[in-house]
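Below is one structure, written out as structure tokens; comments come after it.
What follows is calculated from the coordinates using simple rules that are stated; it is not laboratory data. Not measured: the values here are computed from a predicted model. Every residue, glycine as well, gets a Cβ built from its backbone with ideal geometry; the counts of neighbours run over all protein chains shown.
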Amino acid sequence: MLRGSRHVVLAREGAAGPLVGFITALGDGCQAAFMPLLAVLPAWRGQGLGTALLQRMLALLAAYPCIDLTCDPALQPFYVRCGLRRSVGMVVRRY
């Protein structure tokens, strides 16, 4: 999944330590990007790591006029606090 993403931001414990969080984005290179996954290990949550990962990714995607993500309603307040807006959309999920 990380190799297949156009953009990846990683968070490690220390310079070369284990991975504790990451965010990925897919994009067409000019118009639209989609952030399918932001993940932080439970022990590292509540310390601002998710916010930092999201901010770094948004900086990487600054040239894209359209940036989308889909999340559960319980996560929407986090993304609103980070400057994203709620939107209505349609999806297909094949879990």
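Go over the candidates LEU37, LEU84, LEU26, LEU54 one by one and state the one that is assigned to a helix (DSSP H, G or I) and within 16 Å of the chain's Cα centre (by Cα).
Just a single option satisfies the conditions, and that option is LEU54.
Could you look through the stretch 1-23, keep only residues that are part of a loop (DSSP other than H, G, I, E, B) and small (Gly, Ala, Ser), and pick out the one that is nearest to ASP68 (Cα to Cα)?
SER5
Regarding GLY83, is this residue touching a residue at least 12 places away in the same chain (Cβ under 8 Å), farther than 23 Å from GLY29 by Cα and not aliphatic (A, V, I, L, M)?
no
Here's the yes/no breakdown for (1) touching a strand residue (DSSP E or B) at 6+ places or on another chain (Cβ under 9 Å); (2) of a type in the set (Asp, Glu):
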{"position": "MET1", "(1), (2)": "yes, no"}
{"position": "GLU13", "(1), (2)": "yes, yes"}
{"position": "CYS30", "(1), (2)": "no, no"}
{"position": "ALA43", "(1), (2)": "yes, no"}
{"position": "GLN55", "(1), (2)": "no, no"}
{"position": "GLN76", "(1), (2)": "no, no"}
{"position": "VAL80", "(1), (2)": "no, no"}
{"position": "VAL92", "(1), (2)": "no, no"}
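In the stretch 42-58, how many are exposed (fewer than 14 other Cβ atoms within 10 Å of the Cβ) and either under 20 Å from GLY83 (Cβ atoms) or of a type in the set (A, V, I, L, M) (or both)?
Residues meeting the conditions: 5.
Return the residue satisfying two criteria in turn: it lies in the stretch 59-77 and is aliphatic (A, V, I, L, M) and outside any helix (DSSP H, G or I), and of such residues it is surrounded by the fewest Cβ atoms within 10 Å (Cβ to Cβ).
That would be ALA62.
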